[in-house]
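The structure appears below as structure tokens.
The values are calculated or read from the model by the stated rules, or taken from the named source; none is laboratory data. Note that the structure is a prediction, hence the values are computed from the model and not measured. Here Cβ is always computed from backbone atoms with ideal geometry, including for glycine, and neighbour counts include all displayed protein chains.
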Amino acid sequence: MSKSKNTANVRRKYDRIANYYDFFENEVEKRLFRKFRRGMLGSLSGKILEIGVGTGKNFPYYNKKAKVTAIDISPNMLERAKIRAKDLGLEVRFYLMDAQNLDFPDNQFDHIVATFLLCSVPDPVETVKEMKRVLKYDGRILLIEHVLSKNKLIALLEHIHNPFTRAFFGFNINRDTKSNIRKAGVKIQKDENLAFFDVFRKFTCAENRNCS
Ligand SMILES: C[S@@+](CC[C@H](N)C(=O)[O-])C[C@H]1O[C@@H](n2cnc3c(N)ncnc32)[C@H](O)[C@@H]1O
């Protein structure tokens, strides 16, 4: 299937589940994700671009002075995010936009944030290339993702369950995200284990072109 058809498919799936998305994730959000988000976002300042914002679950954890721009491919998810931002009194600029083809000039943002995005975009490598393009020279890309485990048993379970998560929720649980980030020419400065062996991870790239 072509990339544009795949992208349209992903958009349809998230449009369909937008009203239930927070409910589905409620338990894991309370037990795990909330802690991940708080740890990553609280200290960020400057111009932030959040890609694949979903229903705006990261919003409660941003510093109130942060200048957040948020994009998503799904109009219905974006609508939920707008309501959340309003409820929280957070000023956010919203755009309906494809992460694989960002409509921003080069070298714009101090931080690029994405949580559980690279598992759902049809082309994760192209998406990271776009992140790199719009990031300022001394900026940082911060990602939280669930990825393919190095443990053979866990990886097998991920492969077995992937057709289900993909069909019903639009995301993949068996992507080698670390290697996709590298293929995009972005060097990973920090790769942290967050939970569930090596499945939930945080990736930090501190400098777009020169990080070690
Ligand atoms: C698994 S959800 C994660 C939502 C949110 N970041 C969170 O942490 O709850 C993935 C989100 O990425 C969005 N998305 C998927 N493909 C996209 C694309 N090509 N461009 C922009 N957003 C996309 C989906 O619409 C959905 O809102």
Which listed residue is within 19 Å of Asn101 (Cα to Cα) and of a type in the set (Lys, Arg), from Arg11, Arg37: Arg11
When you look at Arg84, is it within 24 Å of Phe171 (Cβ to Cβ), charged (D, E, K, R), more than 17 Å from the chain's Cα centre (by Cα) and surrounded by fewer than 21 Cβ atoms within 10 Å (Cβ to Cβ), yes or no? yes
Which ones in segment 63-103 are at pLDDT below 95 and polar (S, T, N, Q)? Asn63
Just the residues that are surrounded by 15 or more Cβ atoms within 10 Å (Cβ to Cβ) and basic (Lys, Arg), please, taken from segment 142-186. Arg166, Arg175, Lys178
Assess whether Phe200 counts as being touching a residue at least 24 places away in the same chain (Cβ under 8 Å) and aromatic (Phe, Trp, Tyr). yes
Suppose we filter segment 93-116 for residues that are in contact with a helix residue (DSSP H, G or I) (Cβ under 7 Å, 6 or more places away or on another chain), near the ligand (Cβ under 7 Å from one of its atoms) and not in a strand (DSSP E or B); how many remain? 3
Pairs only if they're at least six apart or on different chains, beta carbon under 7 angstrom, first in segment 63-82 and on the phi < 0 side of the Ramachandran plot and more than 8 Å from the ligand (Cβ to nearest atom), second assigned to a helix (DSSP H, G or I) and among the hydrophobic types (A, V, I, L, M, F, W, C); list them, first residue then second. Ala70/Ala81
Tabulated pairs, segment 22-42, first under 22 Å from Gly170 (Cα atoms) and touching a residue at least 60 places away in the same chain (Cβ under 8 Å), second part of a helix (DSSP H, G or I) and of a type outside the set (A, V, I, L, M), C-beta under 6 angstrom, 6+ apart or interchain: Arg37/Tyr61
Being outside any strand (DSSP E or B) and more than 13 Å from the ligand (Cβ to nearest atom): is that true of Lys132 here? yes
Checked segment 159-199 for anything among the acidic types (Asp, Glu) and either in contact with a Ser or Thr (Cβ under 6 Å, 6 or more places away or on another chain) or farther than 26 Å from Asn9 by Cα (or both); matches are Asp191, Glu192, Asp198
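To keep it simple, each residue is scored yes or no on (1) closer than 28 Å to Cys205 by Cα; (2) at pLDDT below 95.
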residue: Asn9; (1), (2): no, yes
residue: Phe24; (1), (2): no, yes
residue: Val28; (1), (2): yes, yes
residue: Arg31; (1), (2): yes, yes
residue: Arg37; (1), (2): yes, no
residue: Ser43; (1), (2): yes, yes
residue: Glu50; (1), (2): yes, no
Hey, Val125 over 24 Å from Asn6 (Cβ atoms), at pLDDT 95 or above and not charged (D, E, K, R) or not: no
Residues of segment 1-49 being more than 11 Å from the ligand (Cβ to nearest atom), in a loop (DSSP other than H, G, I, E, B) and over 24 Å from Gly139 (Cβ atoms), which ones? Met1, Ser2, Asn19, Tyr20
Kindly evaluate Leu90 against the criterion of being of a type outside the set (S, T, N, Q) and either within 13 Å of the ligand (Cβ to nearest atom) or at positive phi (or both). no
Could you tell me which residue of segment 117-129 is surrounded by the most Cβ atoms within 10 Å (Cβ to Cβ), considering only residues that are assigned to a helix (DSSP H, G or I) and not basic (Lys, Arg)? Val128
